[in-house]
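Reviewing the structure listed below.
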């Protein structure tokens with residue numbers, strides 16, 4: 001991690017692959033600005049982004065899907081006068097269109113803009129997506145662009161066709177933008193380790209954003225994905241460190257795991273982790289945020305924020321000293337893998 005005297009007050013940074021970019025170890029995921037957990041006012045969204053900047057966060061991630069354009073509009077408004085201070089990523093694969101039926105579609109977002117999603121991973125679709133995002137955000141450039149959600153969860157049996165579509169078209173567009181210097185890094189963002197290995201085989205990527213798969217509750221990327229990324233010089237942004245809720249709230253009634261009620265085995269595992277946290281005086285949130293950073297491959301941990309208080313808490317927790325004995329006990333109890341690298345804050 002690096003922090004120069006000139007950047008005093010900022011969070012530490014790590015290099016992102018071979019891109020030449022350095023990003024803050026805590027990243028701002030903008031999905032909540034689109035209303036994924038609750039409806040936010042424009043003022044609340046602006047205050048949350050301002051708090052992130054004040055706390056030293058300098059990496060922000062957004063996507064057209066988040067609130068069907070609402071998160072992009074809000075983040076663009078909040079960053080416009082300070083864009084040069086930040087590293088900004090967005091995603092491609094979904095175009096937003098007025099609904100063909102004229103009826104506002106159902107959405108996982110509380111208060112989305114009135115559009116519907118059209119998947120398009122073609123060359124032209126990628127170029128159109130980035131132009132649309134520029135206009136919604138009122139910003140001219142992105143530093144990082146991710147191919148978004150090419151996995152079975154979103155495409156079912158069509159996933160192989162979508163993979164071929166993006167590698168035959170959209171990837172070529174992104175590679176051209178990188179070669180011309182219009183973007184500094186390209187990557188893939190999914191919650192599936194196996195598909196990222198396929199992408200590593202098929203193209204040259206600077207970074208992968210992996211959601212919810214390298215956390216206190218799961219370390220399967222250590223088997224195949226992480227060794228492959230180390231060989232190729234691909235950095236990882238570990239998104240969703242709380243597994244969509246339970247590692248922030250603890251194993252309470254209604255705790256969420258991958259956006260649904262946590263199953264019994266996950267609740268039990270989390271309770272056991274919480275007991276060790278209590279013995280060592282380590283907040284669960286601090287352990288969840290810092291775990292992935294134990295691996296030098298991980299450049300940043302990105303999580304969503306919906307209030308200034310959440311930002312301030314996370315910025316504090318990610319720098320809180322955690323004793324090595326805490327990690328040792330988690331390993332001894334079989335709660336994290338023996339080969340999981342860990343760190344001292």
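The values are calculated or read from the model by the stated rules, or taken from the named source; none is laboratory data. Source: prediction; values computed, not measured. A quick note on method: Cβ atoms are made from the backbone with ideal geometry, for glycine too, and the neighbour counts reach across all protein chains shown.
Some observations on this one:
- Here residue 250 meets each of (1) surrounded by fewer than 24 Cβ atoms within 10 Å (Cβ to Cβ); (2) under 21 Å from residue 52 (Cβ atoms); (3) in contact with a helix residue (DSSP H, G or I) (Cβ under 9 Å, 6 or more places away or on another chain) with one exception, condition (2).
- Lone unmet requirement of (1) in contact (Cβ under 8 Å) with a residue 24 or more places away in the chain; (2) surrounded by fewer than 23 Cβ atoms within 10 Å (Cβ to Cβ); (3) within 29 Å of residue 50 (Cα to Cα) for residue 303: (2)
- Filtered residue count, segment 258-273, keeping only those that are assigned to a helix (DSSP H, G or I) and in contact with a helix residue (DSSP H, G or I) (Cβ under 6 Å, 6 or more places away or on another chain): 1
- Filtering segment 193-206 to residues that are assigned to a loop (DSSP other than H, G, I, E, B) and more than 18 Å from residue 121 (Cα to Cα) leaves only 206.
- Some residue of segment 180-192 being in a helix (DSSP H, G or I) and either surrounded by 19 or more Cβ atoms within 10 Å (Cβ to Cβ) or at pLDDT 95 or above (or both): yes
- Only residues that are in a strand (DSSP E or B), free of Cβ contacts under 8 Å to residues at least 60 places away in the same chain and closer than 22 Å to residue 196 by Cβ were counted in segment 213-257, giving 2.
- Tallying residues that are assigned to a helix (DSSP H, G or I), within 21 Å of the chain's Cα centre (by Cα) and under 24 Å from residue 45 (Cα atoms) within segment 96-131 yields 2.
- Residue count for segment 277-319, restricted to those that are part of a loop (DSSP other than H, G, I, E, B), out of contact with any helix residue (DSSP H, G or I) (no Cβ under 7 Å at 6 or more places or on another chain) and more than 14 Å from residue 25 (Cβ to Cβ): 1
- Members of segment 50-69 found to be crowded, with 24+ Cβ neighbours inside 10 Å, part of a helix (DSSP H, G or I) and at negative phi, listed by number: 52, 66
- For segment 223-234, the set of residues classified as surrounded by 16 or more Cβ atoms within 10 Å (Cβ to Cβ) and out of contact with any helix residue (DSSP H, G or I) (no Cβ under 8 Å at 6 or more places or on another chain) consists of 226 only.
- Within segment 320-334, being surrounded by fewer than 17 Cβ atoms within 10 Å (Cβ to Cβ) and assigned to a loop (DSSP other than H, G, I, E, B) holds for 320, 321, 323, 333, 334.
- Any chance residue 63 is at pLDDT 95 or above, over 26 Å from residue 162 (Cβ atoms) and in contact with a helix residue (DSSP H, G or I) (Cβ under 9 Å, 6 or more places away or on another chain): no
- Residue in segment 274-286 that is closer than 28 Å to residue 235 by Cα and in contact (Cβ under 8 Å) with a residue 60 or more places away in the chain present: no
- Top-ranked residue in segment 261-285 [being at pLDDT 95 or above, farther than 16 Å from residue 335 by Cβ and within 22 Å of the chain's Cα centre (by Cα); ranked as surrounded by the most Cβ atoms within 10 Å (Cβ to Cβ)]: 285
- Residue 200 meets the conditions (1) touching a helix residue (DSSP H, G or I) at 6+ places or on another chain (Cβ under 8 Å); (2) touching a residue at least 60 places away in the same chain (Cβ under 8 Å) in every case but one. The failed one is (2).
- Residue 295 fulfils the conditions (1) modelled with pLDDT under 95; (2) surrounded by 19 or more Cβ atoms within 10 Å (Cβ to Cβ); (3) within 18 Å of the chain's Cα centre (by Cα) except for a single criterion, (1).
- The residues listed here are 104, 80, 73, 94; of these, the one that is exposed (fewer than 15 other Cβ atoms within 10 Å of the Cβ) and closer than 19 Å to residue 142 by Cα is 80.
- Among the residues listed as 103, 117, 62, the single one being touching a residue at least 24 places away in the same chain (Cβ under 8 Å) and more than 21 Å from residue 303 (Cα to Cα): 117
- Subset of segment 135-155 (residues that are surrounded by fewer than 17 Cβ atoms within 10 Å (Cβ to Cβ) and over 17 Å from residue 189 (Cα atoms)): 135, 138, 140, 141
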